[in-house]
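Here's the structure we're looking at; comments come further down.
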Amino acid sequence: MSATDWNPLGTLGVQALKNMDRSRQARGVDMDRAGHGPQQTPSTVIHAEAGFTLRRYGDADAGAGGAPLLIVPAPIKRAYIWDLSPEVSVVRRWLERGYRVYLVEWGPVAEGRQDAGLDDYGDRMLEACRGAIEADGATEKPIVAGHSLGGILAAVYSALHPQHVRATILLESPLHVEPRLCCFRPLVEATPHAGRIAEAFSQVPGAFLNMMSAIAEPQAFQWERVMDRWLSMADPQALATHLRVERWTHDEFPLPGKLFTDIVESLYRHDEFMRGELVVGGRRIGPRDLRAPLVSVVDPRSKLIPLAAMLPFHEAASSARKLLLHYMGDVGVNLQHVGVLVGRNAHARIWPAIFSWLEALDGAGAAGGDIAALPAAALAESR
């Protein structure tokens with residue numbers, strides 16, 4: 001694929017991809033009718049602006065007095081992957097631990113608008129969420145957690161506003177582009193400046209992003225999903241989760257052209273965040289600007305977000321306390337990339353390890369002492 005290939009796309013090609021988005025969304029509605037939709041925790045919208053809303057889970061007294069958690073999903077598909085069903089809901093795990101749980105629910109921006117970029121998603125919108133959380137009665141700084149591209153936004157916000165973040169949790173997030181190992185790098189190098197693509201679409205359809213992902217890493221987006229379906233057949237709970245994730249994969253919305261351009265050019269083509277050269281909100285930031293306690297979770301088997309996409313950033317961060325966890329996958333998650341959110345092994349091992357580490361962090365802070373490494377084979381603490 002070369003730069004000249006984009007010109008023949010034309011109006012018909014652009015419209016075809018937008019129509020594909022609509023057909024995929026209609027198929028998702030059919031899956032809802034078949035009983036494969038999410039089973040979400042009750043929530044209340046406490047803040048809304050163009051492009052996003054902020055939800056608080058549980059009733060007004062849920063987690064009262066507890067530390068707030070701000071969940072930052074990837075701004076491509078609907079956020080309920082964090083709250084898919086009671087058995088595998090990250091939202092419920094945090095509520096059970098007494099936290100006040102808030103989630104940024106991204107949505108499509110107005111048709112024709114494409115000027116919302118990293119300045120908006122990584123700074124202004126998340127800062128508005130922090131203000132709304134404070135106005136909602138939270139008295140402590142929030143823990144900020146993000147997955148995939150949402151992890152990039154969480155890391156950007158934490159680097160810009162370290163004084164407002166209690167801890168940062170990054171889950172399988174592409175924070176460093178190692179040219180030899182990044183599956184998207186050949187595709188990026190073979191395409192024109194992302195601004196030209198964004199201009200063709202105005203808002204980049206989810207179908208286009210899905211197509212590019214499948215081309216870049218067919219194993220993760222095609223073959224592993226087929227295999228997971230077969231492996232789930234003998235386990236009703238695994239199959240139910242697999243089908244709910246399948247429904248979620250059809251629940252997407254277009255990406256603003258400016259955000260698409262910022263991600264492709266600043267992060268994937270030039271690796272500016274890792275190099276300390278990413279400019280957001282008029283400030284130049286990198287991993288050394290991230291100073292809050294840091295948890296990074298990576299699947300070392302993954303070709304989509306390999307260890308090299310997270311470990312250098314994790315090590316370069318200025319955080320005095322760091323925790324690195326290896327997630328080794330699950331059956332029944334459909335996409336292994338979201339297994340850390342919906343997998344039974346993740347809920348049995350990864351999230352309890354994170355909670356234990358945070359509790360130890362609080363204890364050490366209160367006592368003014370040090371934190372010993374936690375005795376679990378799946379994790380490693382670094383200083």
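The values are calculated or read from the model by the stated rules, or taken from the named source; none is laboratory data. If you're wondering where the values come from, they're calculated on a predicted model, not measured in any experiment. Cβ placement follows ideal geometry from the backbone for every residue including glycine, while neighbour counts extend to all protein chains displayed. Areas reflect the complete protein model, heavy atoms only, side chains present, ligands, DNA and RNA absent. Shrake-Rupley method; radii C 1.70, N 1.55, O 1.52, S 1.80 Å.
Taking the range 288-327 as the range and being open to solvent by 10 Å² or more (accessible area, probe 1.4 Å) and assigned to a loop (DSSP other than H, G, I, E, B) as the test, the residues that pass are ARG291, PRO293, PRO300, ARG301, SER302, LYS303, LEU304, PRO306, SER318, ALA320, ARG321.
Would you mind finding the one in ILE285, ILE354, ILE371, ILE350 that is modelled with pLDDT under 95 and crowded, with 16+ Cβ neighbours inside 10 Å?
Values: ILE285 fails: modelled with pLDDT under 95; ILE354 fails: modelled with pLDDT under 95; ILE350 fails: modelled with pLDDT under 95.
The match here is ILE371.
Within the range 218-235, the set of residues being within 24 Å of ARG22 (Cα to Cα) and either β-branched (Val, Ile, Thr) or part of a loop (DSSP other than H, G, I, E, B) (or both) comprises VAL226 only. When HIS242 is tested against (1) farther than 27 Å from ARG180 by Cβ; (2) outside any helix (DSSP H, G or I), only condition (2) is not met.
Kindly indicate the residue of the range 217-253 that is surrounded by 17 or more Cβ atoms within 10 Å (Cβ to Cβ) and of a type in the set (A, V, I, L, M) and also farthest from GLN25 (Cα to Cα) among those meeting that condition.
My answer is ALA238.
If I ask for residues that are among the basic types (Lys, Arg) and not in a loop (DSSP other than H, G, I, E, B), which ones from the range 111-139 would you list? Matches in the range 111-139: ARG124, ARG130. Test GLY107 against the criterion of being open to solvent by less than 40 Å² (accessible area, probe 1.4 Å), within 20 Å of the chain's Cα centre (by Cα), modelled with pLDDT under 95 and on the phi > 0 side of the Ramachandran plot, and give yes or no. So GLY107 fails the test.
I'd like to verify a number: residues in the range 140-172 that are assigned to a strand (DSSP E or B) and in contact with a Pro (Cβ under 8 Å, 6 or more places away or on another chain), how many? Outline the logic, then answer.
Of the residues in the range 140-172, the ones assigned to a strand (DSSP E or B) are 143-147, 167-171.
Keeping just the survivors that are in contact with a Pro (Cβ under 8 Å, 6 or more places away or on another chain) gives 143, 146-147, 167-168.
Going through the range 140-172 one residue at a time, the tally reaches 5.
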